[in-house]
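The values are calculated or read from the model by the stated rules, or taken from the named source; none is laboratory data. Given the structure is predicted, the values throughout are model-derived calculations rather than measurements. Using ideal geometry, Cβ is built from the backbone for each residue, glycine included, and neighbour counts are taken over all protein chains shown. Ligands, DNA and RNA are stripped out before the accessible areas are found, and what is left, the full protein with its side chains, is counted by its heavy atoms. Shrake-Rupley method; radii C 1.70, N 1.55, O 1.52, S 1.80 Å.
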Amino acid sequence: MPPTSQQSAAAPEPLARQSAAPLTFRRAVDADIPGLVALVESAYRGDASRAGWTTEADLLEGQRTDPDGVAAVVRAEDGQLLVAERDGEMIACCQLEHRGDHVYFGMFAVRPELQGGGLGKTIIAEAERTARTTWGAREMRMTVIRQREELIAWYERRGYRRTGELSPFPYGDERFGIPQRTDLEFELLVKELG
């Protein structure tokens, strides 16, 4: 079905802005914490998240993270929160945590209105490069809610493999959200970095 005139007028704006300026990366600092919380929440929870395809709004309500959780990642000695910016504006982020023989990848968020245009591929490639060059990591690991089949398929297209190793969702801890179903679990995904 062709887009309506309103959709046609609105859709090119984010794509034009997405390609207008180069993407830059940097390590997050304390001053970024409020913006990072807002970015992560917008990508995963509530009505705003439905503008993108990474929403968890049908699986979880409540918060995805909070200032204390983001601050812990920003200040971690064994990792960093990588920020992607365009024209000085924060548009994406991801957590990289060095864990001995591998790096854990988490807190990946792209502004919902910019999702679907290839930005995620660029960010995950930079995260993998950073893991190799900063820590000499040979493997990246992440956990994804196993019910997120579309998201897992996206990671598989980036070279991640499902391990079948499951861990329980932290039911009863509202810091991670309010589950809307009783069968949520995380699955470990792994990629060799070469």
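Structural remarks
- Restricting the range 85-99 to residues that are in a strand (DSSP E or B) and open to solvent by 60 Å² or more (accessible area, probe 1.4 Å) leaves a set whose member that is nearest to Val40 (Cα to Cα) is Glu89.
- Selection count, the range 124-156, where residues are of a type in the set (Val, Ile, Thr), part of a helix (DSSP H, G or I) and touching a helix residue (DSSP H, G or I) at 6+ places or on another chain (Cβ under 9 Å): 1
Residue-by-condition table, conditions (1) touching a Lys or Arg at 6+ places or on another chain (Cβ under 8 Å); (2) open to solvent by less than 20 Å² (accessible area, probe 1.4 Å):
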position: Gly35; (1), (2): no, no
position: Glu56; (1), (2): yes, yes
position: Asp66; (1), (2): yes, no
position: Val70; (1), (2): no, yes
position: Ala76; (1), (2): no, no
position: Pro112; (1), (2): yes, yes
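- Residues in the range 37-53 that are aromatic (Phe, Trp, Tyr) and open to solvent by 30 Å² or more (accessible area, probe 1.4 Å): Trp53 alone.
- Count of the range 157-186 residues, restricted to those that are in a helix (DSSP H, G or I) and either among the hydrophobic types (A, V, I, L, M, F, W, C) or more than 16 Å from Thr54 (Cα to Cα) (or both), is 3.
- All positions within the range 97-150 that are modelled with pLDDT of 95 or more and of a type in the set (Asp, Glu): Glu97, Glu126, Glu128, Glu139
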